[in-house]
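Only the coordinates and a few stated rules stand behind these numbers; no lab work does. None of the values given here were measured: they were computed from a predicted structure. FYI the Cβ positions are ideal-geometry reconstructions off the backbone, even for glycines, and counts take in every protein chain you see.
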Amino acid sequence: QVVFDPSDSAEAHELAGTLRNEDVIQANGVLSLRPADRVNPKIPSGKIEVRSKELILHNKSKTPPFEPTGDNVPNEELRLKHRYIDLRRPQLQEAMKLRHQLSMVTREYFNGLDFLEIETPIMGKSTPEGARDYLVPSRVHPGEFYALPQSPQLYKQLLMVGGMDRYYQLARCFRDEDLRADRQPEFTQIDVEMSFVEQEDILTTIDGLVAAMVKSVRGIDIQLPLPRLTHAEAVERFGNDKPDMRFGMELADVSDIAASCGFGVFKKTIENGGKVRGLNAKGAAEKYSRKKIDELTAWVGDFGAKGLAFFRVKEGALDSPIADMKNISTAGGAGGITAAQFLKRFVNDVPWAHLDIAGMTWSTKDKPTAPKGATAFGVRMLERLVADHYEG
């Protein structure tokens, strides 16, 4: 903190009385220890203060549209309009520092494994990818365009053939696709490629990277190898190819029970070789009223579901609007609501038909190139993985 005492400088003391939040000042003085009653252990500089002998007011500030240090965060539109103020919020400052820290860890880790960080061109030829290209018109060749890279795929393959057998890059990628929570028009990914490797080599390398990041950011030593799920197991247990493992409500196969419940949709699904899976919300049978369940039914409709099938156990009896439950035992389901997985009659298109390949590994042994493998992770995804929280 800066102290203005008239005994040090009457002029500085008088000017200090006119200061308001966000004014830009320069204070010159003597650094000294704070009196014992003014020590603030909550901040790094809590034991010292500057006794100002000179105060220079560079700029008076207008009233800002919102306080960057306030608890009430304004809506996103206002924040983006005044991004220069928004960037001063502690949450965003920490996010910037985290990105910097992860970049340093990434470079230190791969450099220690004798990888080469190689920059690849941003403007190149359009090639088939998973989304549309962003195009840049050529001044030299009217009517022709460069494409911004959706990934450095072609370039890193050239590097492998050219003898650069360990490559990485913090690559900028551009994809012209509709915005979603996990889709942005431009993003940074940690792009990795190796020659003469197997899948296990790639997984082990990335395990080490994640461990190094967690150690640097959180100070935690995590056990390796990291838990691994096949795509089939992830979908079977969580209904998602990128599940949050902290989510405790895994899908349970209730096909044997559903086969005898008398509900036509379930019965037909099982006869056709399908399965019926559900979620067990423990303790929700008593907490969730029928009105709340109806609200959930309307909510899942926003995601394309045609309904929400459930049964619950209340006071030892089964309750369900969809089936004759008299043939179903109450054992194993007490106290829960089970929402049936949305199968063919509930959802028009199976959502698992779209697979997000970001973060997956691949390899090839096709001639004439050397056997090689690669992986790529979105940096923002890793930020969320290793941080306590993240706000962008």
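Things to note:
- Tensor-based shape of segment 77-164 (alpha-carbon gyration tensor, a/c under 1.5 rounded, otherwise prolate or oblate): oblate
- Neighbour cut-off at most 10 other Cβ (10 Å), DSSP loop, GluC sites (Glu not before Pro), segment 196-259: none
- Environment charge of residue 29, counting only residues whose C-beta is closer than 12 Å and scoring Lys/Arg +1, Asp/Glu -1: -2
- Axial C-alpha extent at least 18 Å, average Kyte-Doolittle at least -1.0 - helices from the chain (DSSP): 90-112, 199-218
- Antiparallel bridge percentage (DSSP; both residues within the chain; nearest 5): 90 percent
- Segment 217-288 - convex hull of alpha carbons, volume per residue in Å³: 159 Å³
- Pairs from the list 53/81; 267/292; 81/156; 267/291 with a Cα-Cα gap above 31 Å: 53/81; 81/156.
- Loop-resident trypsin sites (Lys or Arg not before Pro) (DSSP state other than H, G, I, E or B) in segment 6-63 with no more than 10 further Cβ atoms inside 10 Å of their Cβ: 20, 42, 62.
- Gaussian network model of the chain, Cα within-10 Å springs - most flexible of 197, 254, 105: 254
- A Gaussian network model of the chain, with springs between Cα atoms under 10 Å, assigns the largest mean-square fluctuation among 195, 216, 320 to 320.
- For the chain, the alpha-carbon radius of gyration amounts to 1.38 times the rule-of-thumb value 2.2 N^0.38 Å expected for a compact globular protein.
- Pairwise centroid distance, computed over Cα atoms, of segment 104-179 with segment 208-268, Å: 32 Å
- Ratio of Rg to Rh over segment 2-59 (Cα coordinates, Kirkwood Rh, two decimals): 0.99
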